[in-house]
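Working notes for the structure below.
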Amino acid sequence: MINISRPLVAAASVFAVFGLSSCALGSGVDGGGEGAGSPTSSGVDAALESFDPCTFFKPDELTSYGVSTQAEEFTQVSFQPGCTWNGEKMDIALQKNADETIQSLEKGGSYDSYEHIKIAGRDSARMIAPGFTGQGACITVVPAGGGVVLYQLTAYMRDSVADPCGEIEKIAEQTASRLPE
């Protein structure tokens with residue numbers, strides 16, 4: 001049986017997080033804004049531009065996380081492409097956004113929780129979208145190539161994963177060293 005609510009929950013968290021922050025900063029695909037999240041050099045921007053979230057994880061990593069090795073497109077908005085991998089207890093997603101930084105997200109959005117953390121030595125953030133506290137979802141944002149990469153976990157049921165933030169941070173910690181600088 002296919003559970004339609006999982007993709008909807010994940011999509012809702014992405015829209016809640018970036019629908020607000022990107023509009024508030026004036027950034028987006030048209031490049032019209034000179035917001036706080038604008039990349040500062042074309043070389044740095046190119047590093048994230050060539051990064052493919054859909055091929056980032058190794059098959060053995062995905063298996064160890066309890067999700068499929070088959071990536072599915074997860075690009076809810078054009079300026080934040082990525083993929084998702086589905087599992088029995090949870091789904092994980094990985095997206096990139098060249099228009100945002102850890103700082104611009106904090107200033108430009110509304111969250112249930114936004115905490116600064118360290119992931120693989122990088123100043124990162126733990127983020128819970130509005131209305132998602134206790135719902136089995138968490139996002140870890142890691143700076144990469146002048147923008148950010150978002151590691152997202154959405155549990156099948158809100159109690160399917162005891163510590164969604166801890167789980168997605170563990171995944172990020174194990175893999176973030178491979179992200180563009």
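Structure notes:
- Within the stretch 50-131, strands (runs of 3 or more DSSP E) holding 1 or more residues that are open to solvent by 30 Å² or more (accessible area, probe 1.4 Å) and in contact with a Leu (Cβ under 8 Å, 6 or more places away or on another chain): 113-119
- Looking across the stretch 133-181, the residues that are β-branched (Val, Ile, Thr) and either part of a helix (DSSP H, G or I) or crowded, with 21+ Cβ neighbours inside 10 Å (or both) come down to Ile139, Thr140, Val141, Val142, Val148, Val149, Thr154, Val161, Ile168, Ile171, Thr175.
- Hey, Ala93 over 13 Å from the mean Cα position of the chain (by Cα), of a type in the set (Gly, Ala, Ser) and either within 16 Å of Gly147 (Cβ to Cβ) or modelled with pLDDT of 95 or more (or both) or not: no
- For beta carbons closer than 8 Å, sequence separation of 6+ or different chains, a first residue in the stretch 77-89 that is closer than 17 Å to Leu105 by Cβ and a second that is surrounded by fewer than 19 Cβ atoms within 10 Å (Cβ to Cβ) and modelled with pLDDT of 95 or more, the qualifying pairs are Gly82/Cys54.
The values are calculated or read from the model by the stated rules, or taken from the named source; none is laboratory data. Quick caveat, the model's predicted, so the values are computed rather than measured. Note: ideal-geometry Cβ built from the backbone for every residue, glycine included; neighbour counts use all protein chains shown. Heavy atoms of the whole protein, side chains included, go into the accessibility calculation; ligands, DNA and RNA do not. Shrake-Rupley method; radii C 1.70, N 1.55, O 1.52, S 1.80 Å.
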